[in-house]
1. Which of the lysines could a cross-linker bridge to Lys31, judged by Cα under 19 Å and excluding same-chain residues fewer than eight apart?
2. Using only the alpha carbons, work out the radius of gyration and Dmax of segment 62-174 in angstrom.
3. Relative contact order (percent) for segment 21-174, with alpha-carbon contacts under 8 angstrom and 6 or more residues of separation?
4. Mind checking the dipole of the chain: about its Cα centre, +1 per Lys or Arg Cβ, -1 per Asp or Glu Cβ, Debye to the nearest 20?
5. Summarise the long-distance tail of P(r) for segment 1-89 by giving the % of C-alpha pairs beyond 14 Å.
6. Ranked from highest to lowest mean number of other Cβ atoms within 10 Å per residue, what is the order of the peptides 4-15, 66-77, 37-48?
Amino acid sequence: MASSPYQVLCVCLGNICRSPTAEIVLKHYVKLAGLAVEIDSAGTSNYHPHKAPDVRTQRVARARGYDLSHLRARQICREDYDQFDLILAMDEANLSDLHWKVSNLVQQGELDETVLDRLALMSEHDPKFPRQAVPDPYFGQASDFERVIDQCESAAQAWIDYWQSNPKILRRQS
Ligand code: 4NP
């Protein structure tokens, strides 16, 4: 049986600020670590379908060497819950939205309840910002966008450390 890469979905509200940043930062750290992990991102809302990431997000990311310009926003969909092994919410509101959506689908017999175990916070293992929200910067200032990328870098490194300490987690059969 062939193995396929472990799949991670980063999720925020709009999919134009935090989760695209998390996606690209996590991809960067995964590549550096040589791990077989594929990453995508989505929003719990459909506020900005097909839009490129917010220009403020792109500017702050570019200053640290990350290019987000090719990304386009989309809303999380039913198929994502089957596809992704791990779904990382940027804050508690995103996490509770995901819990609500998955619980409804479980009740309708559309999803297995084990999907609930795949939901986690981006900051789950982050030693610098333990289980803290990656705060929504959309109505904020430049420093709020800096904070998003600081936390995404710290949280992404923590996920890499976690996977390297628990390599069996990344083994999945297709
Ligand atoms: P994100 O930020 O969830 O990090 O992408 C937001 C983007 C847009 C809105 C809110 C948050 N909005 O209200 O349009």
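1. Lys168
2. According to the Cα coordinates of segment 62-174, Rg and Dmax are 15.7, 46 Å.
3. Values: 186 pairs, mean separation 38.4, N = 154.
Relative contact order of segment 21-174: 25 percent.
4. Working: 19 positive and 24 negative charges, 111 e Å.
Taking the Cα centre of the chain as origin, the dipole is about 540 debye.
5. 63
6. Numbers: 4-15: 22.6, 66-77: 16.3, 37-48: 19.7.
Those peptides, ordered most packed to least, come out 4-15, 37-48, 66-77.
Since every read-out is calculated from the coordinates, none of them should be taken as a lab result. On a predicted model such as this, the values are computed, not experimentally measured, just so you know. With ideal geometry, Cβ positions are generated from the backbone for all residues, glycine too; neighbour counts draw on all protein chains shown.
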